[in-house]
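First the structure, in the form of structure tokens, and then the observations on it.
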Amino acid sequence: VWGSGFLPGAVVQWDGVPLPTTFVSDTQLTASVAAVLIAVQRTVGIGVTVPGGISNTVAFDIRWPSPSIATQGVVNAASGLPSIAPGSLISIFGANLAAGSGTAGNLPAPTSLKRTSVTIDGVLAPLLFTSPAQINAQVPFETPVGEATLVVQVAGQKSAEVTFNVTATGPGVLMELQSNHAIAQNYPDWSLNSPQNAAQPGQYVIVYLTGQGLLDNPVANGAAAPVSPPSTPLAAAQAKIGGSAAEIQFLELAPGLVGISQMNLLIPDMGAGEQLLEVSIGGVAANTSILSVKAQ
């Protein structure tokens with residue numbers, strides 16, 4: 001606070017509430033403002049009290065910057081591609097998307113997190129993660145195929161509408177972004193598949209994906225998938241490992257998770273090495289990734 005006539009012991013007042021204040025000089029004070037005091041957009045009065053007196057009051061506006069979504073900033077959370085289906089997990093990229101970083105602590109996932117909400121075709125989307133630059137959310141299952149409209153709202157400030165395309169299926173395999181290695185587990189020991197811990201032909205691996213589309217046993221938006229009865233995609237799935245067809249033991253929503261399916265694949269007879277994994281659901285191809293296979 002800049003002014004004149006400040007004295008040691010001066011206190012900055014925030015709408016009449018004293019703030020922790022440091023005296024710098026007779027023309028300058030610094031004061032600490034708690035986050036809760038700026039959580040709502042409004043105008044407050046700032047004044048200064050000194051021993052034996054009080055200053056004039058000046059208006060101070062609290063304004064949140066409007067959220068903005070990047071061009072092509074709505075993508076499949078697993079693949080990073082614009083391949084999105086009802087029930088998919090998506091990532092939204094932009095600026096001023098949340099008041100801070102937050103993660104959904106309990107399920108079903110909330111529709112408001114860190115003062116942020118997302119609507120898709122006017123329906124609130126469950127939120128799994130928010131930060132100023134990225135949101136991870138689930139597309140509501142009732143979202144129709146075609147062009148969808150998305151809006152982010154933060155502390156009452158709305159972004160411009162953006163549109164993205166929704167298809168019946170839009171699979172994306174979860175993978176390590178730097179290596180393109182699928183995030184997969186070797187069955188039955190549930191160890192993470194890697195070049196140092198490869199699976200052998202005749203062994204099953206569990207691959208995780210999102211964007212499987214509608215289910216035979218519907219699950220509520222943002223809810224954890226049940227153990228029983230399982231929720232299986234209505235669309236047919238196919239998989240290849242190293243160019244060879246791989247038997248899909250089953251494909252269903254992963255119990256306890258939101259918007260994630262698990263696919264159990266049998267490694268076909270093949271040579272050792274890093275093998276290309278190709279998955280499609282409903283005729284739509286997912287991003288290609290890598291599985292590690294060792295000699296039998």
Worksheet item: Out of all the residues in the stretch 164-194, which are open to solvent by less than 80 Å² (accessible area, probe 1.4 Å), polar (S, T, N, Q) and at negative phi?
Response: Thr167, Thr169, Ser179, Gln185, Asn186, Ser191, Asn193, Ser194
Worksheet item: open to solvent by 40 Å² or more (accessible area, probe 1.4 Å), in a strand (DSSP E or B) and out of contact with any Lys or Arg (no Cβ under 7 Å at 6 or more places or on another chain): does that describe Glu278?
Response: no
Discussion item. Looking at the structure I just gave you, is Val258 in contact with a Gly (Cβ under 8 Å, 6 or more places away or on another chain), closer than 18 Å to Ala78 by Cβ and not acidic (Asp, Glu)?
Written reply: yes
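Residue-by-condition table, conditions (1) open to solvent by less than 50 Å² (accessible area, probe 1.4 Å); (2) under 23 Å from Gly172 (Cα atoms):
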residue: Ala95; (1), (2): yes, no
residue: Gly100; (1), (2): yes, no
residue: Asn106; (1), (2): no, no
residue: Ala109; (1), (2): yes, yes
residue: Ala133; (1), (2): no, yes
residue: Pro140; (1), (2): yes, yes
residue: Thr149; (1), (2): yes, yes
residue: Ser159; (1), (2): yes, no
Worksheet entry | Residues located in the stretch 213-232, provided they are touching a residue at least 12 places away in the same chain (Cβ under 8 Å) and open to solvent by 30 Å² or more (accessible area, probe 1.4 Å) | Leu214, Asp216, Asn217, Pro218, Ala220, Asn221, Ala224, Pro226, Val227, Pro229, Pro230, Thr232
Fill in: Residue tally, condition over 17 Å from Gly213 (Cβ atoms) and part of a loop (DSSP other than H, G, I, E, B), over the stretch 142-173
5
Practice prompt. Filter the stretch 242-265 down to residues that are open to solvent by 40 Å² or more (accessible area, probe 1.4 Å), under 26 Å from Gly87 (Cβ atoms), part of a strand (DSSP E or B) and in contact (Cβ under 8 Å) with a residue 24 or more places away in the chain, then give me how many there are.
Written response: 2
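Tell me, yes or no, whether the stretch 233-241 has at least one residue that is open to solvent by less than 60 Å² (accessible area, probe 1.4 Å) and under 20 Å from Ala295 (Cβ atoms).
Yes.
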Worksheet, complete the sentence: Apart from one, (1) in contact with a Ser or Thr (Cβ under 9 Å, 6 or more places away or on another chain); (2) in a loop (DSSP other than H, G, I, E, B); (3) open to solvent by less than 10 Å² (accessible area, probe 1.4 Å) all hold for Val207; the odd one out is (2)
Item to complete: Test Val48 against the stated conditions and say whether it is among the β-branched types (Val, Ile, Thr), farther than 30 Å from Ile281 by Cα and surrounded by 13 or more Cβ atoms within 10 Å (Cβ to Cβ).
Response: yes
Worksheet item: What are the residues in the stretch 122-141 that are under 21 Å from Gly102 (Cα atoms), in a loop (DSSP other than H, G, I, E, B) and of a type in the set (Gly, Ala, Ser), if any?
Response: Ala125, Ser131, Ala133
Response to the item:
Subset of the stretch 1-51, residues part of a loop (DSSP other than H, G, I, E, B), in contact with a Leu (Cβ under 8 Å, 6 or more places away or on another chain) and under 30 Å from Arg115 (Cα atoms), comes to Val1, Ser32, Val33
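The values are calculated or read from the model by the stated rules, or taken from the named source; none is laboratory data. In this text, all values refer to a predicted model and were calculated from it rather than measured experimentally. Cβ sites come from the backbone with ideal geometry, for glycine too, and all protein chains shown count toward neighbours. The area values use the complete protein model at the heavy-atom level, side chains included, leaving out ligands, DNA and RNA. Shrake-Rupley method; radii C 1.70, N 1.55, O 1.52, S 1.80 Å.
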